[in-house]
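In what follows, a single structure is set out as structure tokens and then discussed.
The values are calculated or read from the model by the stated rules, or taken from the named source; none is laboratory data. Bear in mind the structure is a predicted one, so any value in this text is a computation, not a measurement. Reconstructed Cβ throughout: ideal geometry from the backbone, glycine too, with neighbour counts over all protein chains shown.
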Amino acid sequence: MIIDATTSAVVTGGASGLGRAAAEALAAAGVKVAIFDVNEAKGEEVAQSIGGLFCKVDINSEESVVAGFAKARAALGQERILVHCAMTSRRGKTLAFDKAAGRLKRLPTAEYEIGVQGVLIASYRLASLAAEGMATLAPLEDGERGCITLTASVAAQDGQIGQVIYGSAKAGVNGLVLPMARDLSDIGIRVNSIMPGIFATPLMMGAAQPVLDSLSASVPFPKRLGKPEEFGSLSLELVRNSYFNGQCIRLDGAIRMAPR
């Protein structure tokens with residue numbers, strides 16, 4: 001996709017971490033960026049720093065997401081780019097020993113459903129609503145109208161113990177990519193996903209130093225955590241290179257996660 005002064009984007013989770021890195025990379029390339037996030041203070045701060053727009057959006061609420069798109073489009077124009085990084089999830093083993101009860105207890109279906117809502121269903125919600133808007137745009141070179149990038153995880157392929165919700169939901173995100181890319185091919189909208197490994201996000205950097213050292217040592221090469229700007233760089237390349245379509249791309253230093 002050729003980026004010019006009219007190109008706009010929506011980045012979810014743009015107030016921090018990988019989403020912020022994607023928003024900054026797009027803005028540096030000249031894209032007008034709307035940040036969707038629930039963290040109003042940080043979201044406004046990032047938006048101001050990149051000359052963008054903040055929209056307070058709860059990705060688990062259809063009404064909130066629709067309102068966010070309406071606000072972003074009114075201010076910046078219909079987006080051609082969506083980078084969806086925001087998520088909510090839950091953790092737990094399928095069966096875990098409960099010391100108080102003295103027996104194995106099953107992870108409740110309701111907990112599983114909540115986790116899937118915040119990862120997989122939210123991804124479909126954001127991608128399909130973005131596509132609906134992109135379809136109204138005039139086509140660019142090759143008939144392209146838009147580019148959607150979802151965020152999966154290496155856990156989609158290497159889910160660890162306790163990640164039955166997260167791993168399967170992120171695998172579902174990857175499962176969206178090819179059929180959605182095919183669904184939208186006649187309209188000229190591309191769909192891809194990025195599977196980050198272990199990244200130095202603010203949340204991760206809150207861990208104890210020995211934990212961070214151990215995680216860094218587990219990466220084959222380079223032996224460090226991923227830099228958020230490396231995620232941002234790939235997000236931008238997926239926009240620029242129109243032959244990326246229907247792809248689920250690992251960005252992980254060749255790590256393969258152990259069971260625990």
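General observations
- Residue in region 165-180 that is in a loop (DSSP other than H, G, I, E, B) and either more than 18 Å from the chain's Cα centre (by Cα) or β-branched (Val, Ile, Thr) (or both) present: no
- Residues of region 47-99 classified as modelled with pLDDT of 95 or more, touching a Lys or Arg at 6+ places or on another chain (Cβ under 8 Å) and of a type in the set (D, E, K, R), total: 3
- Just one of (1) under 30 Å from GLY143 (Cβ atoms); (2) among the hydroxyl-bearing types (Ser, Thr, Tyr); (3) not in a helix (DSSP H, G or I) fails for THR201. It is (1).
- Residue selected from region 207-260 under the condition out of contact with any helix residue (DSSP H, G or I) (no Cβ under 6 Å at 6 or more places or on another chain), among the hydrophobic types (A, V, I, L, M, F, W, C) and part of a helix (DSSP H, G or I), by the criterion nearest to ALA25 (Cα to Cα): LEU234
- For LYS42, the criteria (1) in contact (Cβ under 8 Å) with a residue 40 or more places away in the chain; (2) closer than 30 Å to ILE114 by Cα; (3) of a type outside the set (Asp, Glu); (4) out of contact with any Cys (no Cβ under 9 Å at 6 or more places or on another chain) hold in every case but one, which is (1).
- Single unsatisfied condition, ARG190 versus (1) under 24 Å from ALA21 (Cβ atoms); (2) part of a helix (DSSP H, G or I); (3) not polar (S, T, N, Q): (2)
- If you go through region 122-156 and pick out every residue that is outside any loop (DSSP other than H, G, I, E, B) and either surrounded by fewer than 17 Cβ atoms within 10 Å (Cβ to Cβ) or without any contact (Cβ under 8 Å) to a residue 40 or more places away in the chain (or both), you end up with 6.
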